[in-house]
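Heads up, the thing below is written out as structure tokens.
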Amino acid sequence: MLAAAGLAAAVLLPWVIHSQFWIGMCIAILLSTLMGTAWNILGGYGGQFSFGHAAFFGTGAYAAGILQMKYGLDAWTAYAAAAAAAAGVAAFIGYVSFRYGLRGSYFALVTLAFAEVLRILANAADFTGGGVGLYLPLHVGLSRLQFDSKAGYYYVALALAAAALLSARALERSRLGAWLAAIRENEDAARALGVDTLSCKLRAIALSGALTGLGGAFYANYYLYLDPGLAFGPGVSVQILLAPIVGGIGTVCGPLLGAAALQFAGEAARRAMGDAPGLSMIFYGVLLVAMVKFLPDGLAGLLQRARGARRAHA
Amino acid sequence: MLEARRISRRFGGLLAVADVSLDVARGEIVGLIGPNGAGKTTLFALIAGFIAPDSGTVRFEGRDVTGRPPHEICRLGLARTFQIVQPFGRLSVRENVAVGSHLRRRDRRAALEHATDVATRLGMAALLDRPAASLTVAGRKRLEIARALATDPRLLLLDEVMAGLNPTEVAEIVPVLRGVRDGGVTILLIEHVMQAVVSLAERLYVLNQGSVIAEGTPAHIAAMPAVVEAYLGRGAAERLAGPRSSPTGSPAPGRPA
């Protein structure tokens, strides 16, 4: 009910807001929701914290960019290929880490390392454009999923974010979701109850990778420029995991809440403090520490507690 | 149903399980007793696939399951509980049990319904929506059993499900376990609470320093000097305390069960 109302409001939004700036802001929120939800599937439900989702984002972005630029594919095929390529990279990274039982900070470090390896490779290779990067041409049209106004991109981002949120909700009510939660809470007990932990984790990381890859493909088509740092840099990984951590790990609406809060807070901070380099990173760092220390359930947890308190009051 | 043949496992210089053979027939309740550190839990881990044996074989319902991973063994119908309870702390009791139910039920609703049934059968109806982390020790032990039962096992390995319970709680759980067996589940249990073992098990294995030192009915076992020594021969204090036959302690020599 609430979700349907929210979706209807989101669909009507471009008729209400005409400012390109605010539509751009909404696009950023939706993109962050998409990738935060992707991270949440592995990190929030499955308890496997990745610090290297840039590996999947970058793979998706470069796959979509190169396939459209050099092979002339339409955007729809390129998006699908980007999702598949990112899922493949994710399954590979997942297999080599989970097969050897890496958990917790070890898993986080390995994902970070893989993303860095890909960044260096993208810097060295020819077909990625090396350190110069890729400039994508603009061909407005539905087959290219490129538009002359931001509203068009807004709808693409909205569709992708909604698909991600629906996937998360379906996962939450599925057997895989129940098994992932069991793995997060206690892996040995899960194994004793017949859960094939390796297969569950691989399915989660592949799904997470595919959705993140879609985010990368959208990024390439929207910003029309890629370089190794933008695609595979550690900053990307941090941005992806911030939204679910701020919003609420392991909840469907957490990444959306977190994405919105972060974009608005980030914008407010920019206006207050100016655009000095590094300032945003300090801001994100302080925010992350504060959230983990004071609000480990994130904004979703805060809302839930407020609702519980109101109910207790009534 | 279960045949373990000459299984051994060494950890560094310690031979934790040495050449152990053990059989459980369908429909039995078999007890596995022995002093602390005898290798009982290691033996369970070897049977359930958590540790691979260095030598020997484990057959379950005629199939060789030696060294197979735990989830496969569970899928074949052999479930275990943990001595140190391992609840999924932030999930509710119902969700905990449903993890087991899902093994043979893909549908979420069917799994939750089955979990409700199993938990109710184990007397946890009032606790279904409580987070597992909030349960008492007795509640957590029951949850361990309920979760394992939810996988529809034909053989259940119970690792000290009565340790840490008070006598009333022990008295409550004994008929529950009998009910489980009467429902068609064979049980192999490790237990220190002697009253319970003696009243439940038809047959006992005694493990000491990694080896089976005795096997037989509880009455037969209690009269064996080797068993009494394994428990009581370790120190003067215990030797003095022995004849007084404390209710929770060791098998009292000469007291028929």
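Structure notes:
- Modelled spin labels at A:TYR71 and A:GLU267, positioned 7 Å past Cα toward Cβ, are 3.8 nm from each other.
- For chain B, calculated [θ]222 nm from helices alone, where every DSSP H run of n ≥ 4 adds -39500 (n - 2.57): -10500 deg cm²/dmol
- Nearest-0.05 FRET efficiency for B:THR136 and A:ASP126, computed from C-beta distance (R0 41 Å): 0.05
- D (Stokes-Einstein, µm²/s), Kirkwood Cα radius, the protein assembly as shown, 0.890 mPa s at 25 °C: 92 µm²/s
- Label point at A:LEU295 placed 7 Å out along Cα→Cβ; residues across the stretch A:254-273 whose backbone nitrogen lies under 14 Å: A:254-266
- With semi-axes defined as the square roots of five times the eigenvalues of the C-alpha gyration tensor, the equivalent ellipsoid of the stretch A:2-313 measures 28, 25, 19 Å, largest first.
- For trypsin sites (Lys or Arg not before Pro), the sites in the stretch B:177-236 that DSSP calls loop and that have at most 14 other Cβ atoms within 10 Å are B:ARG234.
- Sorted ascending by nearby beta carbons within 10 Å, beginning with the fewest, B:HIS102, A:HIS139 become A:HIS139, B:HIS102.
- Cut-off under 5 Å, modelled amide H: who pairs with B:GLU61 long-range: B:LEU2, B:GLU3
- When the Gaussian network model of chain B links Cα atoms closer than 10 Å, the mean-square fluctuations of B:PRO175, B:PRO35, B:PRO53 top out at B:PRO175.
- Label separation (B:ASP129 vs B:ASP54): 5.3 nm, computed from points 7 Å beyond Cα along the C-beta direction.
- Each principal axis of the Cα cloud of the stretch A:87-141 was taken in turn, and the coordinate range along them, longest first, works out to 45, 28, 16 Å.
- Helix-derived mean residue ellipticity, 222 nm - over chain A, DSSP H n ≥ 4, -39500 (n - 2.57), to 500: -25500 deg cm²/dmol
- Computed from label points 7 Å out along Cα-Cβ, the spacing between A:LEU109 and B:ARG63 is 4.0 nm.
- Looking at the stretch A:105-156, the chymotrypsin sites (Phe, Trp or Tyr not before Pro) that sit in a DSSP loop and have at most 10 other Cβ atoms within 10 Å of their own Cβ are A:PHE127.
- Cut-off 15 Å (backbone N to label point 7 Å along Cα→Cβ of B:GLU202), residues of the stretch B:1-27: B:1-2, B:23-27
- Share of alpha-carbon pairs per 10 Å distance bin for the stretch B:88-134, given as whole %: 34, 56, 11
- Longest segment of chain B lacking GluC sites (Glu not before Pro) that sit in a DSSP loop with at most 14 other Cβ atoms within 10 Å: B:62-201
- Legend: calculated FRET efficiency, A:VAL117 to A:ALA10, from the Cβ-Cβ distance at R0 = 25 Å, rounded to 0.05, equals 0.10.
- For chain B, taking Cα atoms only, Rg and Dmax work out to 18.3, 59 Å respectively.
- A:ARG271, B:ARG59 arranged by Cβ crowding within 10 Å, fewest neighbours leading: A:ARG271, B:ARG59
Only the coordinates and a few stated rules stand behind these numbers; no lab work does. The structure presented is a predicted model; accordingly, all values stated were derived computationally and were not measured. Virtual Cβ from ideal backbone geometry, glycine too; neighbours counted across all protein chains shown.
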